[in-house]
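Peer 1: I have a structure here, written as structure tokens, and I will follow up with some questions on it.
The values are calculated or read from the model by the stated rules, or taken from the named source; none is laboratory data. Everything quoted here is computed from the prediction, not taken from an experiment. Glycine gets a Cβ as well: all are built from the backbone with ideal geometry, and neighbour counts include every protein chain shown. Accessible surface is based on the protein model in full, side chains and every heavy atom, while ligands, DNA and RNA are left aside. Shrake-Rupley method; radii C 1.70, N 1.55, O 1.52, S 1.80 Å.
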Amino acid sequence: MEKISILGAGTMGHSIALSAAWSEQPVTVYGINEQDLENADRGLNNKLKVMADNELFTAEQAIEIKKRIRLTTSLEEAISSSTFIIEVVPEVLELKKDLYTKLEKLVADDVVIASNTSGFKPSLLAADMRLPNRFVVTHFWNPGHLIPLVEVVKGEQTDDETVGRAMDVLKAMNKKPILLNKEIPGFIGNRLQYALFREAQALLDAGAASKEDIDAAVTYSIGRRLPVTGPLMTADMGGLDVFSAISNYLFEDLATDQRSGETLSKLAAENKLGDKTGEGFYSWEPEISAKLNEEREQTLIHFLKNDLKAGERQ
Ligand SMILES: NC(=O)C1=CN([C@@H]2O[C@H](COP(=O)(O)OP(=O)(O)OC[C@H]3O[C@@H](n4cnc5c(N)ncnc54)[C@H](O)[C@@H]3O)[C@@H](O)[C@H]2O)C=CC1
Ligand SMILES: O=C(O)[C@@H](O)C(=O)[C@H](O)[C@@H](O)CO
């Protein structure tokens, strides 16, 4: 069994740690200061309560899971006995690369260093590493403790042993790892997610429909099918003659913007960042935020329970 350390205690870091602890693996989480750890501890307690309330495990098991997670502000302590490190710091290329340089001076040559980056190519991240063979991307999805997919992406120099260890540790965490054949920016999930996001922005900026109706067009249609059939299987079920005919006239009309759209750019410039600042495309009063986050969590837990029934989770 790998000794897992998570470097970064934020949105993804503490929820990935919860995933590991839930699969009975002890894990150490590094945060930058006491406030960071307090936020992580609160996030863990909230998530464990919701999961126990929804009978994913008992309240007693939740206590045991929490005991498996050690929080520290000491990087050295966090990695002192690690065999598998998952970096989950902000999506800033140089920040990540600088951390790997620091880590390579502190850990043994056989310790795997993985990144939860949303889309940087592993070869780019590992470009200055002493041992790029031990580096791999393990891209979890938010919330990391409730979404099964993890995209495993190897760089040009990632060796097979590192890939194998990453796949094994993710399966031991009861995740659904997929190994990409090629390293491409954004991997698979985010390329698809951001293609949809680009088109949604273009429709909003063109005044084609309201933000509510644009989102409804997804949640009340393709969003109902996607938990069952992905885009290629959906096309097979709809008829490739139809999907090909539509592709041949519609593709030339789809958005091809290379940057954020007008509305998103304006909102970001005004620091209206969505749920975390109280306003984005939508207004996020605390009660609305709590309601929508709980609804999403309940839905994701419902899917997880189906996985359990299907034996996809031991
Ligand atoms: N938020 C999301 O929905 C997802 C994010 N990711 C990726 O995961 C990574 C982390 O994202 P989040 O958890 O959302 O970030 P976050 O901002 O919530 O947390 C980042 C954590 O990194 C640590 N940190 C902050 N500044 C640091 C520094 N200068 N040096 C070392 N550690 C530092 C802190 O513990 C902080 O809590 C990013 O690469 C992001 O692209 C991947 C999937 C989903
Ligand atoms: O959970 C997600 O959406 C992620 O996998 C991502 O990487 C997103 O792009 C995230 O970074 C922003 O929500």
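Peer 1: Hey, if you put +1 on the Cβ of every Lys and Arg and -1 on every Asp and Glu Cβ in the range 34-142, which of SER80, ASN54, ILE113 ends up farthest toward the positive end of that dipole?
Peer 2: ILE113
Peer 1: Could I ask something else about it? How long are the three semi-axes of the equivalent ellipsoid of the chain, in whole Å, if each is the root of 5 times an eigenvalue of the C-alpha gyration tensor, listed from largest down?
Peer 2: 33, 24, 21
Peer 1: Which ³J(HN,Hα) values, rounded to whole Hz and listed in residue order, are derived for the range 166-181 from phi using the Karplus coefficients 6.51, -1.76 and 1.60 in 6.51 cos²θ - 1.76 cosθ + 1.60 with θ = phi - 60°, glycine and proline given as x?
Peer 2: 5, 4, 5, 5, 6, 5, 5, 8, 6, 8, 10, x, 10, 9, 6, 7
Peer 1: Calculated FRET efficiency, GLU55 and LYS176, Cβ-Cβ r, R0 30 Å, to nearest 0.05?
Peer 2: 0.90
Peer 1: Let me ask another. Tell me the per residue accessible area of the range 88-176 using a 1.4 Å probe; a whole number in Å² is fine.
Peer 2: Per residue, the range 88-176 has 41 Å² of solvent-accessible surface.
Peer 1: Hey, if you put +1 on the Cβ of every Lys and Arg and -1 on every Asp and Glu Cβ in the chain, which of PHE243, VAL137, ILE69 ends up farthest toward the positive end of that dipole?
Peer 2: Towards the positive end, the residue furthest out is ILE69.
Peer 1: Long-range amide H contacts for VAL150: which residues qualify at under 5 Å (H placed 1.01 Å from N, peptide plane, sequence gap of 5 or more or a different chain)?
Peer 2: It is LYS176, ILE178, by chain and number.
Peer 1: Would you please name the GluC sites (Glu not before Pro) within the range 141-248 that are DSSP coil residues with at most 15 other C-beta atoms within 10 Å of their C-beta?
Peer 2: Those that pass, being in a loop and sparsely packed, are GLU156.
Peer 1: Can I ask one more? In square angstrom, what is the accessible area per residue of the range 190-283 with a 1.4 angstrom probe?
Peer 2: 74
Peer 1: Would you kindly find the accessible area of LYS49, with a 1.4 Å probe and non-protein molecules such as ligands, DNA and RNA excluded, rounding to the nearest 10 Å²?
Peer 2: 130
Peer 1: Rounded to a whole number, what is D in µm²/s for the range 190-283 from Stokes-Einstein with the Kirkwood radius over alpha-carbon pairs (4 °C, 1.567 mPa s)?
Peer 2: Reported coefficient: 86 µm²/s.
Peer 1: Among LEU308, PRO286, GLY274, which residue has its Cα furthest toward the positive end of the charge dipole of the range 271-314, with +1 on Lys/Arg Cβ and -1 on Asp/Glu Cβ?
Peer 2: Positive-most Cα among the choices belongs to LEU308.
Peer 1: Dipole size in debye (nearest 20) for the range 5-51 around its Cα centre, Lys and Arg Cβ +1, Asp and Glu Cβ -1?
Peer 2: Value, rounded to 20: 200 debye.
Peer 1: If you don't mind, another one. Non-local amide H neighbours of TRP284 (under 5 Å, H modeled in plane, Pro and chain starts lacking H): which ones?
Peer 2: GLU279
Peer 1: Another question, then. For a 27 Å ceiling on Cα separation, which of these pairs sit above it: LYS211/LYS309; LYS105/LYS171; LYS49/LYS211; LYS3/LYS105; LYS97/LYS291?
Peer 2: In this structure, LYS211/LYS309; LYS105/LYS171; LYS49/LYS211; LYS97/LYS291 exceed 27 Å between Cα atoms.
Peer 1: Take the solvent-accessible surface of the protein heavy atoms, probe 1.4 Å, and return the percent of it on the chain that carbon and sulfur atoms account for.
Peer 2: 55
Peer 1: Could you tell me which GluC sites (Glu not before Pro) in the range 235-276 are loop residues by DSSP with no more than 15 other beta carbons within 10 angstrom of their beta carbon?
Peer 2: Here the sparse-neighbourhood loop sites are GLU270.
Peer 1: Using the Cα centre of the range 4-180 as the reference point, and only Cβ charges (+1 on K/R, -1 on D/E), how large is the resulting charge dipole? Debye, rounded to the nearest 20.
Peer 2: Roughly 240 debye, rounded to the nearest 20.
Peer 1: Suppose we look only past 21 Å in the calculated P(r) of the range 150-239. What percent of the Cα-Cα pairs does that tail hold?
Peer 2: I get 52 percent for the Cα pairs in the range 150-239 exceeding 21 Å.
Peer 1: Looking at the range 22-89, which GluC sites (Glu not before Pro) are DSSP coil and have at most 16 other C-beta atoms within 10 Å of their C-beta?
Peer 2: Passing both the DSSP loop test and the Cβ count: GLU24, GLU55.
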